[in-house]
Amino acid sequence: MENKNIDNVNNPNHYKLGCGIESIEIIKRVLGTQGFVAFCLGNILKYLIRAEKKNKLEDYKKAAKYLEWVIERDNPDKYGIIELDINELEKDLGVEWNKIIYEIAKDLNVENAFELDSIFRNIFSENYEMARDILEDFIKEYKE
């Protein structure tokens, strides 16, 4: 029987240690601010890329949670974590961004696919607040 009170986004039991500490607190302290921002960005991208193949809305909400953590850090833009624009990404991967985003968003309607593309583009440009705002709207309107 599934417990409806489980919150795998904001209060995941599987990351809590018996002593009352959550694993994310250890990760923050071990990685430092710059490392933690990079960790969060990696997880944001992972959840956005796999959402339609795995947990759908839950993965989008997890991406939003990690994005909030990035925004909460002390001015993450100063770290220059992402120095890659779409053209450089295409060159490095040897694939056009349109083909990549198509594969990620192919199960979404056109409007949601454009929103997801905009979320990625804002993350790549370090416009985290804009990415968050678009992702929050996306989550509100999302239908599985």
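Throughout, read-outs are computed from the coordinates displayed, never taken from laboratory work. Here the structure is a predicted model, which means the values were calculated and not measured. Reconstructed Cβ throughout: ideal geometry from the backbone, glycine too, with neighbour counts over all protein chains shown.
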Nearest-0.05 FRET efficiency for residue 68 and residue 98 at R0 = 30 Å, using Cβ-Cβ distance, is 0.55
For residue 90 and residue 127, extending 7 Å from Cα along the Cα-Cβ vector and measuring point to point gives, in nm, a value of 1.8 nm
In the neighbourhood of residue 28 defined by beta carbon distances under 11 Å, the net charge of the other residues (Lys, Arg +1; Asp, Glu -1) is -1
Highest mean packing first, using Cβ neighbours within 10 angstrom, the peptides 133-143, 118-128, 45-55 sort as 118-128, 45-55, 133-143
With a 23 Å threshold on alpha-carbon distance, the violating pairs from 91/140; 46/106; 61/143; 46/143; 54/140 are 91/140
Residue 139 and residue 110 label points (each 7 Å along its Cα→Cβ direction) are spaced in nm at 2.8 nm
